[in-house]
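S.K.: Let me begin by handing over the structure; questions about it come next.
What follows is calculated from the coordinates using simple rules that are stated; it is not laboratory data. The shown structure was predicted, so the numbers you read here are calculated from the model rather than taken from an experiment. All Cβ positions, glycine included, derive from the backbone under ideal geometry; neighbour counts span all protein chains shown.
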Amino acid sequence: MLLRVLGSAAGGGSPQWNCGCPVCAAVRSGAAPARTQSSVAVSADGRRWFLVNASPDVRAQIEASPALRPRGDRATPLEAVLLTDAELDHTLGLLLLREARGVRVHATPAVHETLCEGSGILRTLERYCPVEWRAVVPGAEFPLVDGLSCRAFDVPTTKRDRFGTSVAEGRVVGYRLTDARSGGTLVYLPGVQALTTALRAEIAGSACLLVDGTCWHDDELGRLGLGARTSRAMGHLPVGGPDGSLAQLPSLGVRRTVFVHMNNTNPILLPDTPERRLVEDHGMEVAMDGLEVEV
Ligand code: MLT
Ligand code: MN
Ligand code: ZN
């Protein structure tokens, strides 16, 4: 199984257009590469690909990924889009795929409902091209292609339900992907608020975990005077601190852990910060756009 990180930043990217925080300023000064918004592409063999989330940066992300570019006429190697949730920065890119012959979307009923009745993204997309919805049932394994299969798992969250969803389960999911041929397993979890026992079981023993790296501090935004919402209140377990993901993950026996979905304020985005050194001292990584993983 191949995975390519298309976007390693959280919503807004890095730097964020209206943000002058120290990390955005450092990125603008060249201290670290810019990063686009959260999305990955997965494939069994490098020929047929699945997006997990479609970010507002999807067009540039596809163009930056030779394997995702069309072959000949309009034959795109993109088979479908899997969604972890209905967040705007994880789904707005669906509208940018409107030139497709059709778009297949794998999403839970909760996410599908939000995209139809709430943000209306799928209702709008349907006016441009056929949209096929495949219902994702948390806990149920389903085949993707060529021995690559997938299981969504529910991610409990108290984050704001911006559009109001009638069902709680499946509002946010993670995906565990398995390659029958290599036996490799990979977990993609860009949004997690707490590592519950059930989530630990989904993560344990995987060859590679790409996990929520949104904020270092729980009060990261508050420290910068950028708002009062905590990382946890936004649905994101902070990386740092005694009860952060950096402290909790080592016990799960994951071979390779990569942080993704970094908010523009997160100091781990910069190569020379104490926080980045702590991540690396724990044997973990901070994703960049274009990172490729094979399991
Ligand atoms: C989220 O992941 O919580 C939302 O997409 C908001 C964000 O990423 O900024
Ligand atoms: Mn996000
Ligand atoms: Zn910033």
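S.K.: Please determine whether any residue of the range 75-84 is within 16 Å of ligand 3 (Cβ to nearest atom) and of a type outside the set (Val, Ile, Thr).
M.R.: Checked the range 75-84: no residue is within 16 Å of ligand 3 (Cβ to nearest atom) and of a type outside the set (Val, Ile, Thr).
S.K.: Being within 18 Å of Asn53 (Cβ to Cβ), more than 16 Å from ligand 1 (Cβ to nearest atom) and not aliphatic (A, V, I, L, M) is the filter here; which residues of the range 67-87 pass it?
M.R.: Thr76, Pro77, Glu79
S.K.: In the range 223-250, which residues are farther than 24 Å from Arg162 by Cα and within 19 Å of the chain's Cα centre (by Cα)?
M.R.: Val239, Gly244, Ser245, Leu246, Leu249, listed by residue number.
S.K.: Consider Asp85 carefully, then state whether it is in contact (Cβ under 8 Å) with a residue 60 or more places away in the chain and assigned to a loop (DSSP other than H, G, I, E, B).
M.R.: Against the criterion (in contact (Cβ under 8 Å) with a residue 60 or more places away in the chain and assigned to a loop (DSSP other than H, G, I, E, B)), Asp85 qualifies.
S.K.: Further, regarding this structure: Given the criterion within 15 Å of ligand 3 (Cβ to nearest atom), touching an Asp or Glu at 6+ places or on another chain (Cβ under 8 Å), touching a residue at least 40 places away in the same chain (Cβ under 8 Å) and among the hydrophobic types (A, V, I, L, M, F, W, C), identify the matching residue among Ala10, Ala44, Ala32.
M.R.: Among Ala10, Ala44, Ala32, only Ala10 is within 15 Å of ligand 3 (Cβ to nearest atom), touching an Asp or Glu at 6+ places or on another chain (Cβ under 8 Å), touching a residue at least 40 places away in the same chain (Cβ under 8 Å) and among the hydrophobic types (A, V, I, L, M, F, W, C).
S.K.: Another one. Considering only residues that are acidic (Asp, Glu) and either closer than 26 Å to Phe50 by Cα or in a strand (DSSP E or B) (or both), which ones fall in the range 147-161?
M.R.: Asp154
S.K.: Identify, from the list Gln16, Gln61, Gln37, the residue that is within 16 Å of ligand 2 (Cβ to nearest atom) and free of Cβ contacts under 8 Å to residues at least 60 places away in the same chain.
M.R.: Sole residue among the options that is within 16 Å of ligand 2 (Cβ to nearest atom) and free of Cβ contacts under 8 Å to residues at least 60 places away in the same chain: Gln37.
S.K.: Counting just the residues of the range 76-102 that are among the hydrophobic types (A, V, I, L, M, F, W, C) and within 16 Å of ligand 2 (Cβ to nearest atom), which one comes out surrounded by the fewest Cβ atoms within 10 Å (Cβ to Cβ)?
M.R.: Leu88
S.K.: Okay, next question. All but one of (1) within 16 Å of ligand 2 (Cβ to nearest atom); (2) surrounded by fewer than 24 Cβ atoms within 10 Å (Cβ to Cβ); (3) among the charged types (D, E, K, R) hold for Arg176; state the number of the condition that does not hold.
M.R.: (1)
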